[in-house]
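Just so you know, all these numbers are worked out from the coordinates, no wet-lab data involved. Nothing here was measured: the structure is a model prediction, and the numbers come from that model. Backbone-built Cβ (ideal geometry, glycine too); neighbour counts: all protein chains shown.
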Amino acid sequence: MKRKQEAPVCNCTIVHQDVIDRVKKGLADDRHLQAQAELFKVLADPTRLRIINALILAEMCVCDIASLFDMTQPAVSHHLKVLRQTQLVKYRRDGRIIYYSLDDEHVANVFYQGLMHASE
């Protein structure tokens, strides 16, 4: 029978002020951390990740995405709205058709980094 392994606990009371001072200088701004938390919330939805994955491969309209994932157009539009609000996707109009694509290359980088981490 395996015993539950307990997390290691530090038994000392020494504060390493030099480390604290160095880390404080490098900590991200709370505003940026809040924005990052919002980004991770948006990316926590598998459907939105599938849409991002598709848009990495090609610019697509709502009808194409709906057909690809066997979803309704309103459902796809909802997810695209959330992705637009967090500046992960952008769109362009060509006549009556609106095409969606990634906002910039960072979106693909975040997607692939997460995928690599999850695959380990």
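Taking amide H positions as placed 1.01 Å from N in the peptide plane, with prolines and chain starts having none, which residues 5 or more places from Val89, or on another chain, fall under 5 Å of its amide H?
Placed amide hydrogens put Arg84, Asp103 under 5 Å from Val89.
Taking trypsin sites (Lys or Arg not before Pro) as candidate sites, keep only those in a DSSP loop with at most 13 other Cβ atoms within 10 Å, then name the longest stretch of the chain containing none of them.
5-95
Please list, in order along segment 25-41, the HN-Hα scalar couplings obtained from phi with the Karplus expression 6.51 cos²θ - 1.76 cosθ + 1.60 (θ = phi - 60°), rounded to whole Hz, x for Gly and Pro.
For segment 25-41, the Karplus-derived couplings read 5, x, 5, 6, 5, 4, 4, 5, 5, 5, 5, 5, 4, 4, 4, 5, 4 Hz, x marking Gly and Pro.
Report relative contact order for segment 29-119 in percent, whole number only (criteria: Cα-Cα under 8 Å, sequence separation at least 6).
This gives 29 percent for segment 29-119.
Against the longest alpha carbon principal axis of the chain, how many degrees, from 0 to 90 and to the nearest 10, is the axis of helix 105-119 turned?
Between the helix axis and the principal axis of the chain, the angle is about 60 degrees.
Run lengths n ≥ 4 of DSSP H only: what is the helix-derived mean residue ellipticity at 222 nm for the chain, with -39500 (n - 2.57) per run over all residues, to the nearest 500?
It comes out at -18500 deg cm²/dmol, rounded to the nearest 500.
Computed from the coordinates I sent, mean projected area of the Cα convex hull in nm² equals one of [x] 8.4; [y] 12.9; [z] 11.6. Tell me the label.
Here mean projected area of the Cα convex hull in nm² agrees with entry [y].
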